[in-house]
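Below is one structure, written out as C-alpha cells, with a few remarks after it.
The values are calculated or read from the model by the stated rules, or taken from the named source; none is laboratory data. Bear in mind the structure is a predicted one, so any value in this text is a computation, not a measurement. All Cβ positions, glycine included, derive from the backbone under ideal geometry; neighbour counts span all protein chains shown. Just so you know, the surface numbers come from the protein's heavy atoms only, side chains and all, with ligands and any DNA or RNA stripped out. Shrake-Rupley method; radii C 1.70, N 1.55, O 1.52, S 1.80 Å.
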Amino acid sequence: MIRNAIAVMTSGGDSPGMNAAARAVVRTALYEGVKVYGIYNGYKGMLADDIQELNSRSVSDLIQRGGTFLGTARCKEFKTVEGRRKGLENLNKRGIEGLVIIGGDGSLTGGSMLSREGGIPIVGLPGTIDNDVWGTDYTIGCDTAANTAVDAINKLRDTASAHRRIMIVEVMGHTSGWLALVSGIASGAEYILVPEVKYNLDKMCDEISQSYKMGRRYTIIVVAEGACSGVGLKNVVQEKTGIDTRVSILGHIQRGGSPTVEDRMKASMLGERAALAILSGASDVVFGFDEGKVVSINLFDSVYNKKTLDPELIRLSTVLV
Ligand code: F6P
C-alpha cells in the first residue's frame, strides 16, 4: 500500500483529455489522503528535477482545456540507463512511491524500463490521439482529434465541390491509420489510405477519372501520414487524372482543442482507476477501455505488442466509401 506520495506526468505527443486524466489522478490521491507531485515536461522534467507538489487547486479550471498543464517533451537522455537513474533519484528524494504516466507507446515503453530498472511501481494511461496502444480500443484524445479532423474535412468538402476538385486530406497517426479510417468513414470520404492496408494508386485514379466522366463533382481522399505524404499523393493523382487537385495537411490542429465529453469522461475514469491502483500497490499495468468498460492491461504486453486496425472498421470502409 502507498501511504506517502505518488507522482503524475504527461509524456510524448500531447492530446486533449490529458488534463482531465491528470486532474482525476490528483484529486483521487488527495481524496485518499496521499500527497501528489506533478512532474513537469515529461521525462525531461523528471531528469531536471522539475517536480512540484500539487493540491486540489492545481488542477482547477483544467478539464475543459486541451494540451497538458504539466507540459511534455521528448527526451533522448531518458533512453540511457544513466538518465533513468537520475530521474529515479529525483523521485526517491521526495519519497515518491509510485508513478502514473499518461502518454503514448513510447512514453509507456519508458515507464516499463523505469519499472524494471528502478523497481518503482508504474501505472500507465494511454494518452495519444493515434489510438495505437495495444490492449485498449480507446486512447485519451483520440475522440477529440477525430472530431477535429471530421470538422476540417466537412469544410474542405465545401470548397472541393465548388471547384469540382479532388481534395487530399492528410491526417496524423504516426504509423497508425485509425484516425484516417475513422475520420474518413465519419466524413464520407471517397477514398481512405492507411499504412495497414495495401492500395492501388492506378486503380484509384482510373476510378476517379471514370466517376468525373459520369458527373461526379468532387472527390475527398483521406490519407494517413504513415501511408504516404499528402503532397506526394497530390502530385501523382493530379498527373494521372488531369483533374485539379489540392492537398490539406491538418497537422497539429488535431492535437488541440477542448476535449469532447467522451474524452473528458473516459480520461477521468482512467485517471481515478490509475490512482487507486497505484495506491493499492499495483504496478506494470495500463488502464484502457474494451467495449466501453475499463480494463487493465499488462504494461509489458502493451508496449511489446503492436495494435492493429479493427478489421470491422476496415470492412465497413470498403462497403461505405
Ligand atoms: O503520436 C501523436 C502524434 O501526433 C502523431 O500522430 C504525429 O505523427 C506525432 O505525434 C507528431 O509528433 P511531434 O508533435 O513531435 O511533431
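Here are the numbers:
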read-out: Estimated vicinal HN-Hα couplings, Hz - the range 254-266 in sequence order (Karplus 6.51, -1.76, 1.60; Gly, Pro = x); value: 6, 8, x, x, 5, x, 5, 4, 4, 5, 5, 5, 5
read-out: Per-peptide average of other Cβ atoms within 10 Å, ordering 238-249, 170-181 highest first; value: 170-181, 238-249
read-out: Alpha-carbon Debye profile of the range 146-221, log10 I(q)/I(0) at 0.14, 0.17, 0.22 Å⁻¹; value: -0.45, -0.66, -1.03
read-out: Descending principal axes extents, the chain, alpha-carbon based, whole Å; value: 71, 37, 33
read-out: Under 20 Å from the Cα of residue 79 - aspartates and glutamates, other chains or at least 8 residues apart; value: 14, 49, 50, 89, 105, 117, 284, 301
read-out: Solvent-accessible area per residue, Å², over the chain with all protein chains present [probe radius 1.4 Å]; value: 43 Å²
read-out: Proximal charge balance of residue 265 [Cβ under 14 Å; K/R count +1, D/E count -1]; value: +1
read-out: Pairwise Cα inverse-distance average, inverted: Kirkwood Rh of the range 189-266 (Å); value: 14.4 Å
read-out: Debye-sum result for the range 282-321 in log10 I(q)/I(0), which assumes one identical scatterer on each alpha carbon, at q = 0.15, 0.19, 0.22 Å⁻¹; value: -0.52, -0.70, -0.79
read-out: The range 222-261: Cα Rg divided by the 2.2 N^0.38 Å rule of thumb; value: 1.52
read-out: Environment charge of residue 274, counting only residues whose C-beta is closer than 13 Å and scoring Lys/Arg +1, Asp/Glu -1; value: +1
